[in-house]
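Q: Pasting a structure below so you can have a look.
Here, each number is a calculation from the coordinates, and none is a lab measurement. All figures in this text were calculated on a predicted structure; none of them were measured in a lab. Cβ sites come from the backbone with ideal geometry, for glycine too, and all protein chains shown count toward neighbours.
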């Protein structure tokens, strides 16, 4: 076995170790939807390109052009650098706490297969013709160094296969829905609160119906098809489809797939402004759900949201307006009382002089809006007010969405999922109700486009009026929040900066007090944002 054969085998093993990160980041960046993966590579240039395998690659380039007895020694040195880089990567993984690990879906497995073929191709050619061993070793080294792009190329090569797979599952889902003629289909969209609204509505409707909703945050075309094909049952009465989007037309495509008769629009804000391009595009995209409803359909809208009130809806379907602050609504919440145990409020229905008392374990006004939407559709489905009161009492807190947990050394208000300006302000309002020491733990808000720094700056000024202490996760990301805190005159001694949310937990364990600690965890960025 010569040095080239050994080199090929060692580099191939190194590829297996290195590429796991590439697949992970491609998956977390939605398989390069709107070039998210390529943008991540550019934003993380240092960690992607400044590595020991760069040195190994450069040594191999030098040895190739020398073409003398020294070349073999240089190849051996390069292989040592590959070995050291592999050890470094494996050691990082031992201590690295991944928030969402790589999921080996069928799509990922197909991607691994194609990437492996690309990586093995120079080796196959070498074994067929060993006269150019050094050249193909250099090609293999180059592909290894640029492995993040090789994975991206593999994704492009797999596109026809993925389209075929998509079409198969789409036809299967459409056929299944068509056979369930009795099914009530509800679509839920909005910039914020989709998953909470979906889960709340599902809990409420299950008082009287067999209701099925998309699990977790499966709100894409693939997510809906997975739910329909694998989870929807012939005995189900209601199907609640959460609908997410990153650009114009995506909600319309989801509606064309499931054909909802009922629609809930939660709240319109600036989430994913970077991919939408403008606030106007966000508003038009969210209303694609309402404008896709049939004329005998029903839309539930929020009159406290000025973007919904001012939009000229191109649909004559029935519209039910909910609200807390506006008077001219069909379903209104009033007399709201909240503490760490939950919320109590009264509900008024247009044309009915009664006030109906409701109570829930959920916290925050945005959850009350979601409950009102559930009550509105529940009434349309023939559920009595007494049954709705029972349903609301049974609503379970949604994981990572203002979820209150007792850790012994602190009470955690977990609002870690996909922070946004409206939700963050609501979370601060909830924290302000707590009776003990109030702490905010946050890495800031993301995907807000050109307004991201400005909105995080404002978030910092808002935190200053509520929190006794602040723990910022990531010095670079949280700079606008830090500046907002300073502008509001917040004491610097009460601001802590850590590199990870796990370090924040360790810090909180040291913060002893006679009073209870209430720590609001506002946003938990995916691994793509690690500093």
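Q: Could you please rank 142, 225, placing first whichever residue has the fewest other Cβ atoms within 10 Å of its Cβ? List each step's numbers first, then the result.
A: Values: 142 15, 225 22.
Ordered by Cβ neighbours within 10 Å, fewest first: 142, 225.
Q: Share of antiparallel DSSP beta bridges in segment 403-529, in percent to the nearest 5? Walk me through the numbers on the way to the answer.
A: Details: 4 of 22 bridges.
Bridges in segment 403-529 are about 20 percent antiparallel.
Q: Sort segment 144-289 into rounded, prolate or oblate with this rule: let a ≥ b ≥ c be the square roots of the eigenvalues of the Cα gyration tensor; rounded if a/c is under 1.5, and if a/c is not under 1.5, prolate when a/b is larger than b/c, oblate otherwise.
A: Details: a/c = 2.13, a/b = 1.32, b/c = 1.62.
Cα axes put segment 144-289 in the oblate bin.
Q: Now a separate question. With a cut-off of 8 Å between alpha carbons and a minimum separation of six or more residues, what is the relative contact order of segment 235-354 in percent?
A: On the way: 180 pairs, mean separation 21.8, N = 120.
Result for segment 235-354 is 18 percent.
Q: Any idea what the relative contact order of the chain is, in percent, if you count C-alpha pairs under 8 Å spaced at least 6 apart?
A: On the way: 886 pairs, mean separation 59.6, N = 531.
Relative contact order for the chain comes out at 11 percent.
Q: While we're looking at this one, here's another question. In what sequence do 266, 105 fall when counting other Cβ within 10 Å, fewest first?
A: Details: 266 27, 105 12.
Ranked by crowding around the Cβ, least crowded first: 105, 266.
Q: Looking at the chain, what % of its DSSP beta bridges pair antiparallel, to the nearest 5? Spell out each step's value before the answer.
A: Numbers: 17 of 57 bridges.
Bridges in the chain are about 30 percent antiparallel.
Q: Relative to the longest principal Cα axis of the chain, at what angle does helix 133-145 sit, 0 to 90 degrees, rounded to 10?
A: 20 degrees
Q: Looking at the square roots a ≥ b ≥ c of the eigenvalues of the Cα gyration tensor of segment 188-234, which shape do they give, rounded for a/c under 1.5, prolate if a/b is larger than b/c, or oblate? Don't skip to the answer; put the middle values down first.
A: Numbers: a/c = 2.84, a/b = 1.03, b/c = 2.74.
In terms of gyration-tensor shape, oblate.
Q: Across segment 403-529, how large is the tail of the calculated P(r) beyond 24 Å, expressed as a percent of all Cα pairs? Kindly include the intermediate steps, with their values, before the conclusion.
A: Details: 1427 of 8001 pairs.
Of the Cα pairs, 18 percent sit more than 24 Å apart.
Q: Let me ask something additional. Contact order normalised by length for segment 1-76, with contacts defined as Cα pairs under 8 Å and 6 or more residues apart; what percent is it?
A: Value for segment 1-76: 25 percent.
Q: Let me ask something additional. Does anyone have the angle between helix 52-66 and the longest principal axis of the chain? Alpha-carbon axes, 0 to 90°, nearest 10?
A: 30 degrees
Q: What order do you get for 524, 296 when you list them from fewest to most C-beta neighbours inside 10 Å? Mind dumping the intermediate values first?
A: On the way: 524 20, 296 9.
Ranking 524, 296 by Cβ neighbours within 10 Å, fewest first, gives 296, 524.
Q: Note the angle between two axes, namely the Cα long axis of helix 452-464 and the longest principal axis of the Cα atoms of the chain, as a number of degrees from 0 to 90, rounded to the nearest 10.
A: The angle comes out near 60 degrees.
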